[in-house]
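*Asks:* Quick one: this structure, given as structure tokens, is what I'll be asking you about.
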Amino acid sequence: TSAFINTLLTKHSNSSHPISKALIHTPNDMSFTPTLQSHIRNLRFNNSTTRKPLLIVVPTHVSHIQTAVISAQTHNLQMKIRSGGHDYEGLSYTSSTETRFFLLDMQKLCSIDLDLATETAWVQSGATLGELYYKIAQNSKVHGFPAGVCPSVGVGGHFSGAGYGNMMRKYGLTVDHIVDAQLVNVEGRVLDRMSMGEDLFWAIRGGGGASFGVVLAYKINLVRIPETVTVFKVERTQEQNAVNDVVFRWQEVAPKLDEDLFIRMILDVVKSSQTGEKTLRVSFVALYLGDSDRLISIMRKSFPEMGLRKSDCIETNWVQSSFFFFNIPMGTPEEYLLRRKPEKLVHLKRKSDYLKKPISKDGLNEIFKKMVELEYPALFFNPYGGRMAEIPTNATPFPHRLNLAKIQYKLNWDEPGTEASSYYIGLMRKLYDHMTPYVSNNPRESYLNYRDLDLGINDHDWKTNNYRTAHDLGITHFKENFWRLVEIKRKVDPGNFFRNEQSIPVIPLEK
Ligand code: FDA
């Protein structure tokens, strides 16, 4: 470690932006644990047995990143890159293999340069979505950006892994609006779109940044939004009897609706208010990019089974609509977007699946039964269609655009310890197994940004691991786009410096 620190400090001695000791945090420093914990978003990876970095470097200038990249190769150290720290498996700050690693923490490189004249912004990867939304909202009432609704999610991981939000049926994914980028490559050079070339620029819009370099910033096109949007939440429970019909119908209707309308469907299990028994609940949470009168007329025509009433609808602005989706009370000041620390941290596990065709009513009944038995895991269905289906599946590495919906498996828990983790993760795996006949197969697709180590861990050592794990992971995340990513990886980082447990492999040519 001390040799590495020396290299970090001396490599820079002539620079006008030297790395100071204050930017390097070792386990002996009081600042180490607070810095490490500042962006841990899953308590599963905040305990004494979690593998920790040898040290943390918090760059405040691009030259610090360049030095870190070069020095780490000199000392044969793995680098983990963290922006917002929301990786569901903590891959940005811990390791599930025994490799020695250090953490490059991008949290201070978080400037946002907005240009309303061109409707664009340069956003550094250490910024959060909330900071981006705040900047937009402070300057315009008619612009927004189609990314996730959780304000503390980081730009670095979210954008490089594709990124979606509740405007995706109208505008597609986050990566569909990236027009330029700055990246530090394996040689420590700073590249932009022109100098990195279209292949690498394609790869870092959905292929995961951590495989290819350190993304310093993305340039994005903003999108136009109406000043008034409408949100609603409608709930039904199994005891009201209509659940099966309305869930079945959602699958047919939601991906075909007007593209201004996004209706998320959530299935979870609650205690019946009448009997105290466990019962299935369905919730529909929606954003409509327009006013409630038009929304009601669309719903009456296309989805009368839901029975949406005018009194269910809330007209608001775009920022407040994101609060609504994220369960933050509406009317909360916009400054809330700047909070980096979530109000509550939990232990969590997520998995993903894709829906290719509607699940039959019998199938739904089986799923409901299983969910009631397992009680804790919830399923979030996000409808595709609209703009998503218009963009070719090879336009970016994200290949899942033609599905009816993405399913997120969600489970949060408070109890610490491995026993609780095994119990809750076990429940989720049971539900995932149960869903097998109803979702995509061959490959069973999954979303890179819903990081799930159950899909495989690659230690990139062809002696202990094998090409099959890397291949299968790549196909489930990227389908046929995997091979282009492999080619790009081979060209830009043949020594596989930029890697993690699920990164794009450098496949030996003889395999
Ligand atoms: P983090 O810093 O953990 O990085 C994630 C991955 O990207 C790691 O592999 C990391 O090394 C790499 N990386 C980060 N910065 C990099 C950089 N500058 N250069 C190169 N590589 C870099 N997703 C979604 O699409 N829509 C949603 O609505 C949500 N909502 C959501 C809510 C909550 C509470 C969580 C915890 C997560 C989500 N997600 C999501 C998933 C989220 O998009 C995903 O975890 C992102 O990768 C998080 O990006 P961060 O920068 O925060 O993560």
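A short reminder: the numbers here are calculations on the coordinates, not readings from a lab. Source: prediction; values computed, not measured. Backbone-built Cβ (ideal geometry, glycine too); neighbour counts: all protein chains shown.
*Asks:* With the crude spin-label approximation of a point 7 Å out along Cα→Cβ, what separation in nm comes out for SER311 versus GLU227?
*Replies:* 2.9 nm
*Asks:* Over the chain, what is the relative contact order in whole percent, taking alpha-carbon pairs under 8 Å and six or more residues apart?
*Replies:* In percent, rounded to a whole number, it is 15.
*Asks:* Over the stretch 190-285, calculate the relative contact order: mean separation of alpha carbon pairs under 8 Å at least 6 apart, over the residue count, as a percent.
*Replies:* Relative contact order here is 26 percent.
*Asks:* Moving to a separate point now. Work out the charge dipole of the stretch 324-456 with +1 on the Cβ of Lys and Arg and -1 on the Cβ of Asp and Glu about the Cα centre, then indicate which of PRO383, MET371, ASN394 is farthest towards its positive end.
*Replies:* Among PRO383, MET371, ASN394, the one farthest towards the positive end of the dipole of the stretch 324-456 is ASN394.
*Asks:* So, one more: At ASP454 and SER302, where each label point lies 7 Å from the Cα along Cα→Cβ, what is the point-to-point distance in nanometres?
*Replies:* 3.2 nm
*Asks:* How much FRET efficiency would the formula 1/(1 + (r/R0)^6) give for ARG51 and MET30, where r is the Cβ-Cβ distance and R0 is 25 Å, rounded to 0.05?
*Replies:* Efficiency for this residue pair is about 0.75.
*Asks:* For ASP87, which sequence-distant residues (separation of 5 or more, or a different chain) have an amide H within less than 5 Å of its own amide H, given hydrogens modelled in the peptide plane?
*Replies:* SER92
*Asks:* Given 0.36 nm per residue, what is the gain on full extension from LYS108 to LYS356 after removing their alpha carbon distance, in nm?
*Replies:* 85.2 nm
*Asks:* Further question: What ratio of Cα Rg to 2.2 N^0.38 Å holds for the stretch 143-274?
*Replies:* 1.40
*Asks:* While we're here: Could you check the simple spin-label distance between ARG189 and ARG100, using points 7 Å along Cα→Cβ, in nm with one decimal?
*Replies:* Reported label-point gap for ARG189 and ARG100 is 3.0 nm.
*Asks:* For a test of the definition: using alpha carbon positions, the gyration tensor, and the 1.5 limit on a/c, classify the stretch 305-459 as rounded, prolate or oblate.
*Replies:* Since a/c stays below 1.5, the shape of the stretch 305-459 is classed as rounded.
*Asks:* Okay, next question. Tell me which of LEU91, ALA203, PHE284 sits at the most positive position along the dipole axis of the chain, charges placed on C-beta atoms (Lys, Arg +1; Asp, Glu -1).
*Replies:* The residue sitting most towards the positive pole is LEU91.
*Asks:* Can you tell me the FRET efficiency between ALA22 and ASP199 if r is taken as the Cβ-Cβ distance and R0 is 45 Å, rounded to the nearest 0.05?
*Replies:* For ALA22 and ASP199, the calculated efficiency is 0.75.
*Asks:* Could you tell me which of VAL153, LEU54, ASN139 has its Cα farthest along the dipole of the stretch 37-179 towards the positive end, charges placed at Cβ (Lys, Arg +1; Asp, Glu -1), taken about the Cα centre?
*Replies:* In the stretch 37-179, that residue is LEU54.
*Asks:* Report the charge-dipole magnitude of the stretch 366-445 in Debye, nearest 20, computed about the Cα centre from +1 at each Lys and Arg Cβ and -1 at each Asp and Glu Cβ.
*Replies:* Value, rounded to 20: 360 debye.
*Asks:* How big is the C-alpha Rg of the chain next to the rule-of-thumb value 2.2 N^0.38 Å, as a ratio? Please list the in-between numbers first.
*Replies:* Details: Rg = 22.8 Å, N = 511, 2.2 N^0.38 = 23.5 Å.
Normalised Cα radius of gyration, the chain: 0.97.
*Asks:* Treating only the Cβ atoms of Lys and Arg (+1) and Asp and Glu (-1) as charged, compute the dipole magnitude of the chain about its Cα centre; round to the nearest 20 debye.
*Replies:* Result for the chain is approximately 300 debye, rounded to the nearest 20.
*Asks:* Find the relative contact order for the stretch 55-102 and round it to a whole percent, using C-alpha pairs within less than 8 Å whose residues are 6+ positions apart.
*Replies:* Relative contact order of the stretch 55-102: 38 percent.
*Asks:* Can you compute the charge dipole magnitude of the stretch 302-450 about its Cα centre, using +1 on each Lys and Arg Cβ and -1 on each Asp and Glu Cβ, nothing else charged? Give it in debye, rounded to the nearest 20. Working shown, then result.
*Replies:* Working: 21 positive and 17 negative charges, 73 e Å.
Charge dipole, the stretch 302-450, about its Cα centre: 360 debye, nearest 20.
*Asks:* Going down the list LYS52/LYS463; LYS356/LYS406; LYS52/LYS430; LYS410/LYS430; LYS11/LYS219; LYS406/LYS479, which pairs span over 20 Å between their C-alpha atoms?
*Replies:* Long pairs (Cα-Cα over 20 Å): LYS52/LYS463; LYS52/LYS430; LYS11/LYS219.
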